[in-house]
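Peer 1: One structure is given below, represented as structure tokens, and several questions about it will come after.
The values are calculated or read from the model by the stated rules, or taken from the named source; none is laboratory data. What you are looking at is a predicted structure, and each value in this text was computed from that prediction instead of being measured. Quick reminder, even Gly has a Cβ in these numbers, built from the backbone with ideal geometry, and neighbours come from all protein chains shown.
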Amino acid sequence: MVSLAKQMGISTWGDASDYGLSLTLGAAEVEMTDMAVVFGTFANGGERVDLNPILKITDYKGDVLEEKTASPRKRVLPTSIAFIISDILADNQARTLEFGQDSPLQIPGHTVSVKTGTTDNKRDNWTIGYTNNFLTAVWVGNNDNSPMSQSLASGITGAAPIWNRMMSYLLSNEPETPRSVPEDIVAKPCFGRIEYFVSGTEASVSCRGYLTPTVAPTTPTFDQDRMITPQIFRQDRRF
């Protein structure tokens, strides 16, 4: 995982032996510019393109001394894997239970892949999302690294509204550009939906055959008069 992350653009991680399983939940620091390169790798179909912040250098007369050239592209992921990740991050139905159907992660008329993230101590709050042509990364936090308001639920209430305004502006005059489905991707019905699979990894029968319902115990272990309906909460972690 560490090796692939470095190939995709992470520059702040050291030796893989320094990290454990908690790395997947955000146990190592990253830079926002690195995360833009990583998400850009998904947006570019698995090809890494490094950032070039200098577009042009001119002298006092306006003559161009140097101008940006296209950054080299390096294949680090199969196109099919990048496509599936982008499709998952664009699934508004999957995030509706957590954020609502019309959250700031939704840009009407456009397919946008997006991810939020928040540290437990509320010091870092992220939203990063992209289309085929644009990528926007937003970080919200205090300059002195102090915790923000504990009422901040996740990136949806911090960075996401800023991200939404920026992406909405960028896409306001842009037509929708559907993502091309790679040749080695197949679409199959799964739990009443059409899902994408890398060819050869799809289920051999309908996904319904793999759904095993479970029944919770009916005998309570607490006072019925004070019964509270249990709820399951999922919290985003930083990238």
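Peer 1: Looking only at region 154-185, how many residues end up being surrounded by 16 or more Cβ atoms within 10 Å (Cβ to Cβ) and either touching a helix residue (DSSP H, G or I) at 6+ places or on another chain (Cβ under 9 Å) or not assigned by TED's automatic domain parsing to the domain that holds Val112 (or both)?
Peer 2: Residues in region 154-185 being surrounded by 16 or more Cβ atoms within 10 Å (Cβ to Cβ) and either touching a helix residue (DSSP H, G or I) at 6+ places or on another chain (Cβ under 9 Å) or not assigned by TED's automatic domain parsing to the domain that holds Val112 (or both): 8 in total.
Peer 1: Can we say Ser17 is among the polar types (S, T, N, Q) and at pLDDT 90 or above?
Peer 2: In short, no.
Peer 1: Quick one: Asn143 ticks every box in (1) polar (S, T, N, Q); (2) out of contact with any Asp or Glu (no Cβ under 9 Å at 6 or more places or on another chain); (3) surrounded by 15 or more Cβ atoms within 10 Å (Cβ to Cβ) bar one, so which box is it?
Peer 2: The failed condition is (3).
Peer 1: Restricting attention to region 117-130, does a residue exist that is touching a residue at least 60 places away in the same chain (Cβ under 8 Å), of a type outside the set (Ser, Thr, Tyr) and more than 23 Å from Thr24 (Cα to Cα)?
Peer 2: No, the conditions are met nowhere in region 117-130.
Peer 1: Being assigned to a loop (DSSP other than H, G, I, E, B), modelled with pLDDT of 90 or more and polar (S, T, N, Q) is the requirement here; does Ser180 meet it?
Peer 2: Yes; evaluated as a whole, the condition is true for this residue.
Peer 1: Give the residue that is modelled with the lowest pLDDT, with candidates limited to residues of region 105-151 that are polar (S, T, N, Q) and not in a loop (DSSP other than H, G, I, E, B).
Peer 2: Thr118
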